[in-house]
Each structure stands twice: as structure tokens, then as C-alpha cells.
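**Student:** Let me give you the structure first, and then I'll get to my questions.
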Amino acid sequence: MTIKRFNVETRYSDMAVFNGVAYLAGQVANDLSQDIGGQMREVLTMIDALLVQANSDQSRILMATIYLADLADYAGMNDVWDAWVRNIHGHAPPRATVQVKLANVQYKVEVVITAAQNSV
């Protein structure tokens, strides 16, 4: 089986798809001036776009891992997450949320997703 990679750079790809499963790299906001809500919304928009490229969608997410720079942002992050998963009622994915030191001090959140592709 072939591994298909998306947005390949020297160091990493944004996503790899293999055997019907899409593995997304950690997604972070580009506009680092935003608060946790803004960064989270931007990240989820990026994830939606990658899922479309992978022939998948929110309802096909197998696992989400959310990395927060500060657990004080947990409630704000959850407000945005809850609005995002609201339209997939009954399909909220398994999720883990942890506090970590992120690669850039301006990152407030990084999200990693694994998702199944839609049936062809």
C-alpha cells in the first residue's frame, strides 16, 4: 500500500494517509496574536481542510490529542471545541488534553488528529 503525504516540507508533512487512516501532524495557529479561542478556531479550520483533502470529516475522527500551553485556557479551548463537535452530535471523538511546553512560546494550543477516511 502507498503512503500519501500532504504539504510535504523538509522536516515534516501536515498529514500522511495510509490504509484508510489519516494521520495529521500537530496543527498550530498562524496568527499568534489571537487568544485561546482564536487560535483554537484557526487550528480547527486547518484540521477541517486537511480532513477534506484526506476524504474524511469530523465524524470520522478516531482520536484527538490537544496540547495546551496553559491549563488556564482549558475552558476557553473547550468552548470552541464544543461548538466544533456540536454539528457531529453522537460522534464526538475520543480526546486527551494535556499541558505541555510548546515549541513556540506564543502557541497556546496544538492539536493532533487521527481519522478514518470515508468509504469510497
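**Student:** Please report the relative contact order for segment 59-113, taking Cα pairs under 8 Å with a sequence separation of at least 6, and give it as a percent rounded to a whole number.
**Tutor:** In percent, rounded to a whole number, it is 61.
**Student:** Give me the mean projected area, in nm² to one decimal, of the convex hull enclosing the Cα positions of segment 21-116.
**Tutor:** Computing the convex hull of the Cα atoms and averaging its projections yields 5.5 nm².
**Student:** Sorting check: for 55-62, 13-20, 88-95, which peptide has the highest mean count of neighbouring beta carbons within 10 Å, and how do the rest follow?
**Tutor:** Those peptides, ordered most packed to least, come out 55-62, 13-20, 88-95.
**Student:** Once amide H atoms are built 1.01 Å from N in the peptide plane, which residues 5 or more positions from ALA22, or in another chain, come under 5 Å H to H?
**Tutor:** ALA115, ALA116, GLN117
**Student:** In terms of modelled amide H atoms, which long-range or inter-chain residues lie less than 5 Å from the amide H of MET63?
**Tutor:** Correct list: THR114.
**Student:** From the helices alone, meaning DSSP H stretches of at least four residues, give me the mean residue ellipticity at 222 nm for the chain, per-run term -39500 (n - 2.57), in deg cm²/dmol to the nearest 500.
**Tutor:** Values: 2 runs with 31 residues, N = 120.
After summing the helix terms and dividing by the residues of the chain, the value is -8500 deg cm²/dmol.
**Student:** Collect residues whose amide H, placed 1.01 Å from N in the peptide plane, falls under 5 Å from the amide H of GLN99; neighbours closer than 5 in sequence don't count.
**Tutor:** LEU68
**Student:** On full extension of the chain, what length is gained from VAL8 through ASN55, given 0.36 nm per residue of separation minus the C-alpha to C-alpha distance?
**Tutor:** Full extension from VAL8 to ASN55 adds 15.1 nm.
**Student:** Gain in length, VAL21 to THR97, computed as 0.36 nm per residue apart minus the alpha-carbon separation, to one decimal in nm?
**Tutor:** 25.2 nm
**Student:** Additional query: So if I place +1 on the C-beta of Lys and Arg and -1 on the C-beta of Asp and Glu, and nothing else carries charge, what would the dipole magnitude of segment 67-120 be about its Cα centre? I want it in debye, nearest 20.
**Tutor:** Details: 4 positive and 5 negative charges, 24 e Å.
That gives a dipole near 120 debye.
**Student:** Oh, and also: Tell me the relative contact order for the chain as a rounded percent, counting alpha carbon contacts under 8 Å between residues six or more apart.
**Tutor:** Once divided by the residue count of the chain, the mean separation gives 34 percent.
**Student:** Could I ask something else about it? For segment 99-104, take each phi angle, set θ = phi - 60°, evaluate the Karplus expression 6.51 cos²θ - 1.76 cosθ + 1.60, and give the result in whole Hz per residue in order, putting x for glycine and proline.
**Tutor:** For segment 99-104, the Karplus-derived couplings read 8, 9, 8, 7, 4, 10 Hz, x marking Gly and Pro.
Read-outs: derived from the displayed coordinates by stated rules, not from any lab. Remember, predicted model here, so these are calculated numbers, not experimental data. Every residue, glycine among them, receives a Cβ derived from its backbone with ideal geometry; neighbour counts consider all protein chains shown.
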